[in-house]
Amino acid sequence: MFIKNAWYVAGWSTDFDRTLRAETFLGERIVLYRQQDGTPVALENACPHRKLPLSQGRLIGDMVECGYHGLTFDCTGQCVAAPTQPDAIPRRAVVRSYPVVDRYRLLWIWMGDPALANPDQIFHIANFDNPDWGYTDGGVLDIACHYLWVCDNLLDPSHVAWVHVTSFAGAGTDNAPLDLSRSDTGVTVSRWIYGQPPSPYYTGLVRFQGPCDRLQHYEMQLPGIALNKSVYTPAGTGGPDAAAVADTYVNISYNFMTPIDTDNTRYFWFQHRNTDPEDQAISDKMNAGARLAFEEDRAVLEEVHKGMKTPVTPAIDLGLDAGAKAFRLMVDRAIAAER
Ligand code: FES
Ligand SMILES: [Fe+2]
């Protein structure tokens, strides 16, 4: 149903501390916390005795004590104490543990076979440590839809013309031709739109005057990470083979979709730009604008999920769906390969 052998975002690193935090990812109940030295831990959130969530117990040092009869588990999920029968810890008293890693201000969780978890495979964010780039604080939003509807949306540059009228829409976003490309791990839908004013969201952020050449680059990577790049460059300097010029403005919106279950998605994002690294006012304005836009997406996607789950008549596809269909095929193949 989901790709398991992959790194998903579990939350912002600052979300996790010395409290037991209950989450559901890919339909699996998980409890997360930090050891006293800050190391993150993720365990199956169900005591093997009567399946009480361990999140209802308490932390004792780096260990979790069940709140029903006190079975106590270490960070690897092994039971190390059974207070009601201290000399006979049941051999099968063990909970699953999930590899977790802090990176890019996010906590990443590996949902598959722990033996295959390699932190080098965490999605790479270029320029993250580049002091010339600035990032927004980012955010999180729960959307009541299957995560692939969000992925579809993030491979669809056309929807901005209708859904994001006051932010990302602009001349050509409705019908300029789309390019589709595939790699081993992802799909990109993109297009250049030439000689237009910046869209409302980017007005004031783009530092040059006059018309722009604009790139919409919508890229999805397995299992559900979107890199949404916007480039604005003075008219005449853009295009697929053009090099950046001094004024070229680049903003990359990173979007991380983690399935909660088949009907719910946790959507994390932040933006990363090649200008004004220290300007918090710009970061705050961009972040607020992004949240507004993603709320617009949520309103659509929750209804799409409901409508597509119980269609009365068959749904049709449009040409704009080619990228989404290519990515869904890639997801299906990855799931089949894991079986
Ligand atoms: S349910 Fe956890 S010890 Fe009984
Ligand atoms: Fe959108």
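Just so it is clear, none of the values below were taken in a lab; they were calculated from the coordinates. What you see is a predicted model; the values in this text were computed from it and never measured.
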(request) Mind jotting down a quarter of the surface of the convex hull over the alpha carbons of the chain, in square nanometres, one decimal? (result) 19.3 nm²
(request) Read phi for every residue in segment 325-336 and hand back ³J(HN,Hα) as whole Hz from Karplus 6.51 cos²θ - 1.76 cosθ + 1.60, θ = phi - 60°, with x for Gly and Pro. (result) 5, 5, 5, 4, 4, 4, 5, 4, 5, 5, 5, 4
(request) Taking the chain as the reference, fit the longest principal axis to its C-alpha atoms, fit the long axis of helix 280-309 to the helix C-alpha atoms, and give the angle between the two in degrees, 0 to 90, nearest 10. (result) 80 degrees
